[in-house]
Structure formats: structure tokens, C-alpha cells
Amino acid sequence: MIAPALPEDREYLSGLGVGELIDRNADVAAAVREAHPDGVDAILDVVSQAPDDSLLKEGGRLASPLGAAGDGSGRFNVMAEPTPANLERLGELLETGALRVPIQRTYRLDQAGEALQALPATHTQGKLSLAIA
């Protein structure tokens, strides 16, 4: 797995299973092309509204939760429906540890404004969360 990252995120992302890091301040597409001149098998782009599918090998797959993967073979716009069955499955995955959500900091509900201000201003390794209870 390849991910664009900052140097200080190396250990954190390695713990999540990332094997290859590319400096996110560099030209990421150029760095991927240099490291993988034949292309990559798949791209999961969770940020871009226009993923760079030129990085894919012939027959490669592109997925986006933003609806930006396009249409056609090997294109997947991954959207989750909050149905009772899906939420139950998600709960099971969290309970068994098959799915982890790293939390960097938890705010009390009365600190929600502070949390919202921190979201764009703070470099995180994990999620910011609100404790409701």
C-alpha cells in the first residue's frame, strides 16, 4: 500500500499497514510514476474530486467515496448506506477489532466548538471525537 504522508506520520501509517510513503508535499503522481513505471493495480482516493487514473496499470481499479471514480469497468464509487444492517455490521467489526478507528483526541460535548476549530487547524494521526455521555 502506498500513501502520501508527512515524515512524522511514517510510524503511524506503517502501523496501519502502509508499506510505501510518498512525501505529500511533493508531486505525488510523479513520485508514484517514478517508483511504479508500469502503474499500480488499484487506487482508493478519498480526497480528490478528480483522481489520476493515469497511474493505473491496464485493467486497474479506481475507487472513491466522493463519487469521483467515474463510470465503467474497474470504477467503484463506494458509498455507505446507514441502514440498520450496515450499522449492525459496522458495530460487529468494531467490537471484534477487525476495524479500528484511531482516536487522537476526545472532546466533551460542551467543547464541540473547540473540536470544530481544531479540525482544519490540527495535524492529526487519528480522528477527533466528541464524547456525548
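Observations
- Of all residues making up region 123-133, the number that are modelled with pLDDT under 90 and over 17 Å from the mean Cα position of the chain (by Cα): 1
- Hey, V28 closer than 16 Å to A3 by Cβ, among the aliphatic types (A, V, I, L, M) and out of contact with any helix residue (DSSP H, G or I) (no Cβ under 6 Å at 6 or more places or on another chain) or not: yes
- One residue stands out among those in region 106-127 that are polar (S, T, N, Q) and assigned to a loop (DSSP other than H, G, I, E, B): the one that is surrounded by the fewest Cβ atoms within 10 Å (Cβ to Cβ), which is T122.
- The residues listed here are G97, G74; of these, the one that is on the phi > 0 side of the Ramachandran plot, of a type in the set (G, A, S) and in contact with a strand residue (DSSP E or B) (Cβ under 6 Å, 6 or more places away or on another chain) is G74.
- Within region 17-27, being within 15 Å of the chain's Cα centre (by Cα) and either surrounded by fewer than 11 Cβ atoms within 10 Å (Cβ to Cβ) or in a helix (DSSP H, G or I) (or both) holds for G17, G19.
- Selection within region 35-71 - surrounded by 16 or more Cβ atoms within 10 Å (Cβ to Cβ) and on the phi > 0 side of the Ramachandran plot: G39
- Any hit, region 101-116, residues being closer than 28 Å to S14 by Cβ, of a type outside the set (A, V, I, L, M) and touching a helix residue (DSSP H, G or I) at 6+ places or on another chain (Cβ under 7 Å): yes
- Restricting attention to region 38-72, the residues being touching a residue at least 12 places away in the same chain (Cβ under 8 Å) and more than 19 Å from the chain's Cα centre (by Cα) number 6.
The values are calculated or read from the model by the stated rules, or taken from the named source; none is laboratory data. Remember, predicted model here, so these are calculated numbers, not experimental data. Glycine gets a Cβ as well: all are built from the backbone with ideal geometry, and neighbour counts include every protein chain shown.
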